[in-house]
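K.L.:
Can you read through this structure? Questions will come right after.
The values are calculated or read from the model by the stated rules, or taken from the named source; none is laboratory data. Quick caveat, the model's predicted, so the values are computed rather than measured. All Cβ positions, glycine included, derive from the backbone under ideal geometry; neighbour counts span all protein chains shown.
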Amino acid sequence: MQLAIIGAGMAGLACADRLVGNGCSVTLFDKGRGPGGRMSTRRVETPAGTASFDHGAQYFTARDPQFRARVAEWAMAGIVAPWPEAGKDAWVGVPSMNAPIRAMAAAHDVRFGCHVAGIQRNDTGWWVRHDSVVEGPFDVAVLAIPAEQASALLALHDLDMARTATTARSLPCWTAMAAFTQRVDIRPDHLPSGPVIGWAARNNAKPQRSGPESWVIQATGGWSADRLEQDAADVAPLLLEALRDHSDSGLLPPLAHLSAHRWRFAMTRGIDHGPLWNDRLALGACGDWLLGPRVELAWLSGRRLAIQIAADMAAAQAERP
Ligand SMILES: Cc1cc2nc3c(=O)[nH]c(=O)nc-3n(C[C@H](O)[C@H](O)[C@H](O)COP(=O)(O)OP(=O)(O)OC[C@H]3O[C@@H](n4cnc5c(N)ncnc54)[C@H](O)[C@@H]3O)c2cc1C
């Protein structure tokens, strides 16, 4: 069984992990330059040294027993660690947030830098169109990308699935990344939500981080939506100003780096739906948007879809003479 999975974030890779265990051959396509998805880490050379920013997910929880077991394996492998400052059940990738994604991707055939523009089906199976290339045939196609991007690809094949995807909406998130030549005089390592800042954290204070004083400053969904089309260069200073309001002296040390990243589809509202699967077309969809805006729920969504696909495969095999 040959599978194509579009999207190599937590959901797509969890789906791949489970299906490879079932003897399937899986190819993943991801438009990103490297592993991470919304668990990405950005490294920047600054006059103060190499700064590292987890600019997507900040930490993750592990409450589901199966996900807890997976996280325990990652902890044994030294790629995640608890971050008690963020809560008693908070975990981060080490030495950077994308570590578990990097490790999962290394176990599969992942084609990075492939922006999939469409999937087509003919008598031989599914074909994946990216850039000026068409690859296939695959027996099964899975979309593990945000709902807003999935709906367009689904619309040509399964209107019900496409409709479900259009009901799941996400909030954007402007994220500023600031490195400094000295420590910022804010006592806690992360800040609670306020009118502008939804979350801010001293990135270099997370477990096993090194490098200069570095802050990730994430705006609230509403603030981000109001400024969605502004330039990153205009947004970054506004978020820096919001951080300054929290400093004891009302001042910030000299900057070594400042930039901003616009997450258009950051935090899905989630529709608590479970994975989508059309057994007639052998077309599936998974991702956090089907359960809720958390790393753990993305993993569960991918895994649940894989279990459904595997069950279908077993049933089809049992029917063969
Ligand atoms: C700013 C921010 C803060 C967050 N904070 C937290 C947090 O603290 N805790 C928590 O648990 N969760 C948090 N989340 C949510 C968490 O990151 C997501 O729920 C989870 O990572 C989603 O995984 P996914 O696999 O569903 O999607 P993604 O990680 O988005 O993976 C989808 C992949 O598909 C690729 N892709 C998209 N379109 C295409 C295409 N057409 N062709 C090819 N590839 C494509 C993308 O490059 C991406 O790698 C946060 C997210 C953001 C953005």
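K.L.:
Any residue in region 218-245 that's in the same structural domain as residue 196 (by TED's automatic domain parsing): show its pairings with residues that are in a helix (DSSP H, G or I) and not charged (D, E, K, R) at Cβ separation under 7 Å, as long as the two are six or more apart or on different chains.
P.N.:
Here the result reads 219/239; 227/235, each pair linking region 218-245 to a residue that is in a helix (DSSP H, G or I) and not charged (D, E, K, R).
K.L.:
So, in region 53-69, of the ones that are touching a Leu at 6+ places or on another chain (Cβ under 8 Å) and outside any loop (DSSP other than H, G, I, E, B), which residue ends up nearest to the ligand (Cβ to nearest atom)?
P.N.:
67
K.L.:
Considering only residues of region 266-285 that are assigned to a strand (DSSP E or B), within 13 Å of the ligand (Cβ to nearest atom) and of a type in the set (Gly, Ala, Ser), which is nearest to residue 173 (Cα to Cα)?
P.N.:
My answer is 266.
K.L.:
Against the definition (near the ligand (Cβ under 10 Å from one of its atoms) and touching a residue at least 12 places away in the same chain (Cβ under 8 Å)), how does residue 301 come out, yes or no?
P.N.:
In short, yes.
K.L.:
Continuing with the same structure: Among the listed residues 306, 298, 242, 256, which satisfies the condition of being part of a strand (DSSP E or B) and either modelled with pLDDT of 95 or more or touching a His at 6+ places or on another chain (Cβ under 7 Å) (or both)?
P.N.:
After applying the criteria, what remains is 256.
K.L.:
Another question, if that's okay. Show the residue pairs meeting these rules: Cβ distance below 7 Å; 6+ apart or different chains; first residue within region 74-103 and polar (S, T, N, Q); second residue in a loop (DSSP other than H, G, I, E, B) and within 11 Å of the ligand (Cβ to nearest atom).
P.N.:
98/35; 98/36; 98/40
K.L.:
Also, quick follow-up: So the check is Cβ under 8 Å with 6+ separation or different chains; which pairs have a first residue in region 265-276 that's among the basic types (Lys, Arg) and a second one that's part of a loop (DSSP other than H, G, I, E, B) and within 7 Å of the ligand (Cβ to nearest atom)?
P.N.:
Every condition considered, the pairs that remain are 269/293.
K.L.:
Take region 25-56 and flag every residue that is of a type outside the set (Asp, Glu), closer than 20 Å to residue 303 by Cα and buried (at least 22 other Cβ atoms within 10 Å of the Cβ).
P.N.:
26, 28, 29, 35, 36, 37, 38, 39
K.L.:
Which one of these is more than 16 Å from the ligand (Cβ to nearest atom), within 30 Å of residue 187 (Cα to Cα) and small (Gly, Ala, Ser): 247, 259?
P.N.:
Of 247, 259, the one residue that is more than 16 Å from the ligand (Cβ to nearest atom), within 30 Å of residue 187 (Cα to Cα) and small (Gly, Ala, Ser) is 247.
K.L.:
Additional query: Criterion first (in the same structural domain as residue 226 (by TED's automatic domain parsing), closer than 16 Å to residue 9 by Cβ and among the basic types (Lys, Arg)) does residue 264 satisfy it?
P.N.:
Judged against the criteria, residue 264 is a match.
K.L.:
Related question: Being of a type in the set (Gly, Ala, Ser), more than 6 Å from the ligand (Cβ to nearest atom) and not in a helix (DSSP H, G or I) is the filter here; which residues of region 1-22 pass it?
P.N.:
The answer is 4, 21.
K.L.:
Identify, from the list 183, 169, the residue that is surrounded by fewer than 23 Cβ atoms within 10 Å (Cβ to Cβ), farther than 22 Å from residue 259 by Cβ and of a type in the set (D, E, K, R).
P.N.:
Of the residues listed, the single one that is surrounded by fewer than 23 Cβ atoms within 10 Å (Cβ to Cβ), farther than 22 Å from residue 259 by Cβ and of a type in the set (D, E, K, R) is 169.
K.L.:
Quick check on my filter: what residues within region 185-202 are in contact (Cβ under 8 Å) with a residue 40 or more places away in the chain and either touching an Asp or Glu at 6+ places or on another chain (Cβ under 6 Å) or part of a strand (DSSP E or B) (or both)?
P.N.:
185, 189, 190, 191, 197, 199, 200, 201
K.L.:
Could you tell me whether residue 218 is under 21 Å from residue 93 (Cβ atoms) and either modelled with pLDDT of 95 or more or not small (Gly, Ala, Ser) (or both)?
P.N.:
It is true that residue 218 is under 21 Å from residue 93 (Cβ atoms) and either modelled with pLDDT of 95 or more or not small (Gly, Ala, Ser) (or both).
K.L.:
Could we say that residue 109 is under 29 Å from residue 2 (Cβ atoms) and more than 11 Å from the ligand (Cβ to nearest atom) here?
P.N.:
For residue 109, the condition - under 29 Å from residue 2 (Cβ atoms) and more than 11 Å from the ligand (Cβ to nearest atom) - is met.
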